[in-house]
Amino acid sequence: AKRKAPDTGNKNEDISNMLSQLSDYEKNVTNNVFKAKAYKKAAHAVAGLDYKISSGKEATRVPGIGKKIGEKIDEFLATGKLKKIERIENDEISTAISLLTRVNGIGPVAARAMVEKGVRSLDDLRKTKDTLTHAQQIGLKYFHEFEERIPRPEIDQYKELCTKALTKYDDSIQLKICGSYRRGKESSFDVDILICHPGFVSSMKNPPKNMLSDLVNFLLSEGLLTDTLSLGNVKFMGVGRVPEGKARRVDIRIVPHDRYWCGVLYFTGSDVFNQEMRAHAQAKGFTLNEYSIRPIGTLGSPGEPLEVSCEEDIFDYLELTYQEPNTRTK
Ligand code: DCP
Ligand code: MG
Ligand code: MN
């Protein structure tokens with residue numbers, strides 16, 4: 001449902017779009033996470049090729065593309081379309097479910113339930129407003145704004161304004177904008193802000209009481225944040241706005257001060273890159289997550305977290321060459 005970044009240099013854009021469409025369908029309509037992932041992986045794989053695919057058989061040589069997807073590619077190359085996608089697009093129920101899952105806070109299960117109750121459009125949804133959660137109401141309110149990508153210069157503004165505001169609030173706070181912005185993208189779906197403070201370290205189970213909510217309240221009072229979708233001890237999801245700007249999705253995450261760099265690596269992504277890095281760690285006898293990298297002992301249980309003082313340290317433990325954020329596409 002997320003609007004894709006313009007994919008410059010994709011020699012197989014039609015095919016990768018087709019596969020993304022099938023992935024979205026499996027994710028949102030049939031709720032088949034496994035198939036959705038397979039299609040997404042295939043879409044990424046064909047998008048990354050430096051040549052134009054000329055047959056399904058040829059495509060199956062690409063890792064992540066099996067016989068079935070190869071057949072779909074053949075049908076698409078021969079007819080310029082896919083019967084399966086036509087059927088999906090002509091199906092009222094599927095179309096309605098797909099539309100509803102584009103609302104922030106409405107997942108596949110909720111969308112289906114709403115469609116079963118007769119909801120087909122955003123207007124229908126507005127009529128059921130009282131039954132929606134707070135997050136879903138915000139999602140509906142900003143439906144169109146949330147689908148627009150955020151231009152990089154606007155995230156530069158978030159960086160400057162949040163740094164200024166938070167330094168005023170508490171000058172021990174450290175913040176870094178991660179996600180697709182840190183990977184150098186010209187536009188992003190949301191603003192991902194990673195925060196740490198020396199008052200929250202890994203030996204504590206949670207940050208000191210209200211550390212995140214106090215900080216969020218401050219940004220709300222400054223007008224940089226406008227709404228809350230969800231707020232936990234370490235994670236805020238909500239809405240922000242810079243002066244003259246549009247409503248934007250903002251995620252804020254607090255990580256323990258001594259675990260900052262594992263947090264930075266995780267939150268910089270991409271998600272596919274993270275998956276592959278974790279798989280690689282596993283293969284090398286480590287376990288890697290957003291908090292730590294730990295060696296797996298002979299009995300199979302993880303040992304103590306290793307010392308990490310920059311992202312390079314993590315690559316070093318795994319015997320990988322350091323990768324700059326803008327190369328971490330997968
Ligand atoms: N992340 C992850 N696995 C997930 C979700 C997120 O590893 N299932 C990590 C990697 C992502 C980062 O968190 O890069 C931020 O998540 P976003 O959903 O904000 O994704 P991006 O910032 O990478 O892209 P976008 O521009 O779509 O926000
Ligand atoms: Mg993001
Ligand atoms: Mn995010």
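The values are calculated or read from the model by the stated rules, or taken from the named source; none is laboratory data. Everything quoted here is computed from the prediction, not taken from an experiment. Cβ atoms come from the backbone with ideal geometry, glycine included; neighbour counts cover every protein chain shown. Heavy atoms of the whole protein, side chains included, go into the accessibility calculation; ligands, DNA and RNA do not. Shrake-Rupley method; radii C 1.70, N 1.55, O 1.52, S 1.80 Å.
How big is segment 22-141 by the Kirkwood estimate over distinct Cα pairs, in Å?
Working: mean 1/r = 0.0626 Å⁻¹.
Across segment 22-141, the inverse of the average 1/r is 16.0 Å.
Per residue of segment 166-173, in order, report the coupling 6.51 cos²θ - 1.76 cosθ + 1.60 (Karplus, θ = phi - 60°) as ³J(HN,Hα) in whole Hz, putting x for Gly and Pro.
Working through the residues one at a time gives 6, 5, 5, 5, 6, 6, 8, 6 Hz.
When the Karplus curve 6.51 cos²θ - 1.76 cosθ + 1.60 is applied with θ = phi - 60°, which whole-Hz ³J(HN,Hα) does each residue of segment 316-326 get, with x for Gly and Pro?
For segment 316-326, the Karplus-derived couplings read 4, 4, 8, 6, 10, 6, 4, 10, 4, x, 6 Hz, x marking Gly and Pro.
Taking a threshold of 30 Å on the Cα-Cα distance, which of the pairs Lys27/Lys81; Lys11/Lys84; Lys35/Lys185; Lys84/Lys246 fall above it?
Lys84/Lys246
Considering the alpha-carbon set of the chain alone, what are its Rg and its Dmax in angstrom?
21.7, 62
Based on alpha-carbon centroids, what's the gap between segment 192-222 and segment 270-322 in Å, whole number please?
For segment 192-222 versus segment 270-322, the Cα centre distance is 26 Å.
Please give me, ordered by residue number, the trypsin sites (Lys or Arg not before Pro) of segment 143-207 that lie in loop per DSSP and have at most 13 other Cβ atoms within 10 Å. Present the calculation step by step, with values, prior to reporting the outcome.
Values: sites: Arg149, Lys159, Lys164, Lys168, Lys176, Arg182, Arg183, Lys185, Lys205; in loops: Arg149, Arg183, Lys185, Lys205.
The qualifying sites are Lys205.
Can you tell me the accessible area per residue over the chain, all protein chains present, probe 1.4 angstrom, in square angstrom? Write out the running numbers ahead of the final one.
On the way: 17490 Å² over 330 residues.
Per-residue accessible area for the chain comes out at 53 Å².
Tell me what the chain gives for mean residue ellipticity at 222 nm when only DSSP H runs of n ≥ 4 count, each as -39,500 (n - 2.57), the sum divided by the residue total, rounded to 500 deg cm²/dmol.
My calculation for the chain gives -13500 deg cm²/dmol from helical runs alone.
With a 1.4 Å probe and every protein chain kept in, tell me what percent of the accessible surface of segment 1-159 is carbon plus sulfur. Provide the component values of the computation, followed by the final result.
Details: 4800 of 9210 Å².
Percent of accessible area from carbon and sulfur atoms in segment 1-159: 52.
Name the lysines eligible as straight-distance cross-link partners of Lys127: C-alpha to C-alpha under 16 Å, and not fewer than 8 places from it in the same chain.
Lys117, Lys141
Between beta-carbons, use under 14 Å as the cut-off and find the net charge around Thr163, counting Lys and Arg +1, Asp and Glu -1.
-1
List the residues, sorted by chain then number, that are 5 or more residues from Ile150 or on another chain and whose placed amide H is less than 5 Å from its amide H.
Ser188, Phe189
Taking θ as phi - 60°, what are the ³J(HN,Hα) couplings along segment 293-305 by the Karplus curve (6.51, -1.76, 1.60), each to the nearest whole Hz, with x for Gly and Pro?
Per-residue couplings from phi come out as 10, 10, x, 8, x, 4, 8, x, 9, x, x, 5, x Hz.
With springs connecting C-alpha atoms under 10 Å apart, model the chain as a Gaussian network and identify which of Arg61, Arg249, Arg152 has the largest mean-square fluctuation.
Taking springs between Cα atoms under 10 Å, the residue moving most is Arg61.
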